[in-house]
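To start, the structure itself, in structure tokens.
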Amino acid sequence: MKILVTGGAGFIGSNVVDLLLANGMEVVILDDLSTGRALNLNPGAKFIQMDIRSPEVASVFEAERPDFVNHHAAQMDVRRSIVEPLFDASVNILGSINLLENARRFGVKRFVYISTGGAVYGEPVYLPCDEEHPINPICQYGASKHTVEHYLYMYHQNYGLEYTVIRYPNVYGPRQDPHGEAGVVAIFTGQMLKGEQVRINGDGEQERDFVHVHDCARANLLAVTVPHESGIFNLGSGKGTTINQIYRALKDITHYPLDATHRPAILGETSKIYLDATKARRIFGWEPTLDLYAGLSNTVDYFNKAERVI
């Protein structure tokens, strides 16, 4: 079984690659390294450096003939999507269509697409959000990611391409970038371990659904090993955790001596979101296995040992 993983040098994608390889699968990574890191690349996978929008993507499909595509590559920064909506749409929509066209042409069996449960639903009408919740994104990132879900349905109906949409919650864990604009666990951890001032956006009472990257990687493995009908699947714990709670837990784990300061809330960020993963549990047998405090401790331990982060 050969799987083409786009974004396989990134935080989540590289963890997925590791798990696929550990389960005996052949993996080809397609990543332009714009946000992914060469240090994340598993030497057991074949690596091709390329933008998913490139016309040369066709030559990759022709040469490699993957059985599955696992599409993690994306512009995933909410704030950048607001400031640069054309770039966001170019990568997330046009890049995905380029992959879909080649998946259709070269007979891919299933297209696993990573969407966002944290951004497609917008401000929730009810909680936790299940897959039937209204889609009303309040940022361009959420809109661009959801647009591709429609293309997947279309390619399934018109060309028979099987697909699995995985809507992620807030994913955290080893390899998350502590210097980026997204990923509060990594950002706080990096600042605390260096003794820098932690700044919380807004009042910190925003609620998110935090799931460890190893649990999310396992869902990707199940998506290519468990027979199922094409469709959309939420991942999540089903409960919200505030940013202030994350701060306090990390402060305890790292023995951080300072109090956090606050700055204005960010435009386009949902105030409260957590997801119902009943469908993933029923179809895949998936559910989170790592307790949040244990997962945060695991993450801090990783950052303590990763010299490039500290």
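The values are calculated or read from the model by the stated rules, or taken from the named source; none is laboratory data. What you see is a predicted model; the values in this text were computed from it and never measured. Every residue, glycine among them, receives a Cβ derived from its backbone with ideal geometry; neighbour counts consider all protein chains shown.
When region 161-181 is filtered for residues that are of a type outside the set (Lys, Arg) and over 11 Å from the mean Cα position of the chain (by Cα), the ones remaining, listed by number, are LEU161, GLU162, TYR163, THR164, VAL165, GLY173, PRO174, ASP177, PRO178, HIS179, GLY180, GLU181.
Considering only region 58-72, state which residues are touching a residue at least 12 places away in the same chain (Cβ under 8 Å) and part of a helix (DSSP H, G or I). Hits for region 58-72 are ALA58, VAL60, PHE61, GLU62, GLU64.
So which helices (runs of 4 or more DSSP H) are wholly in region 73-119 and hold at least 1 residues that are modelled with pLDDT of 95 or more, crowded, with 24+ Cβ neighbours inside 10 Å and in the same structural domain as ASP130 (by TED's automatic domain parsing)?
Qualifying helices (runs of 4 or more DSSP H): 85-89, 95-105.
If you go through region 162-194 and keep only what is in contact with a strand residue (DSSP E or B) (Cβ under 6 Å, 6 or more places away or on another chain) and at positive phi, you end up with just GLY173.
Which of the strands (runs of 3 or more DSSP E) found entirely inside region 140-258 contain at least 1 residues meeting this: under 21 Å from ALA277 (Cβ atoms) and among the aromatic types (Phe, Trp, Tyr)?
162-168, 170-172, 210-212, 231-234
Within region 230-264, being in contact with a helix residue (DSSP H, G or I) (Cβ under 7 Å, 6 or more places away or on another chain) and of a type in the set (Ser, Thr, Tyr) holds for SER230, THR241, TYR247, THR254, TYR256.
Kindly indicate whether TYR151 is surrounded by fewer than 21 Cβ atoms within 10 Å (Cβ to Cβ), of a type outside the set (A, V, I, L, M, F, W, C), modelled with pLDDT of 95 or more and on the phi < 0 side of the Ramachandran plot.
Judged against the criteria, TYR151 is a match.
Quick check on region 33-56. Is at least one of its residues touching a strand residue (DSSP E or B) at 6+ places or on another chain (Cβ under 6 Å), of a type in the set (Val, Ile, Thr) and buried (at least 24 other Cβ atoms within 10 Å of the Cβ)? Looking through region 33-56, none of the residues is touching a strand residue (DSSP E or B) at 6+ places or on another chain (Cβ under 6 Å), of a type in the set (Val, Ile, Thr) and buried (at least 24 other Cβ atoms within 10 Å of the Cβ).
The set of residues from region 262-280 being under 11 Å from ASN201 (Cβ atoms) and either assigned to a strand (DSSP E or B) or of a type in the set (D, E, K, R) (or both) comprises HIS262, ARG263, GLU269.
Looking at region 1-35, which of its residues are of a type in the set (Asp, Glu) and either modelled with pLDDT under 95 or in contact with a Gly (Cβ under 8 Å, 6 or more places away or on another chain) (or both)? Within region 1-35, ASP31 is the sole residue that qualifies.
Residues that are surrounded by fewer than 17 Cβ atoms within 10 Å (Cβ to Cβ), closer than 16 Å to THR189 by Cα and more than 19 Å from the chain's Cα centre (by Cα): does region 271-288 have at least one? No: zero hits. Being surrounded by fewer than 21 Cβ atoms within 10 Å (Cβ to Cβ) and either closer than 30 Å to PRO227 by Cβ or out of contact with any Cys (no Cβ under 6 Å at 6 or more places or on another chain) (or both) is a property that holds for ASP203.
Of a type outside the set (S, T, N, Q), surrounded by fewer than 18 Cβ atoms within 10 Å (Cβ to Cβ) and either on the phi > 0 side of the Ramachandran plot or in a loop (DSSP other than H, G, I, E, B) (or both), is that true of ALA294? Answer is no for this residue.
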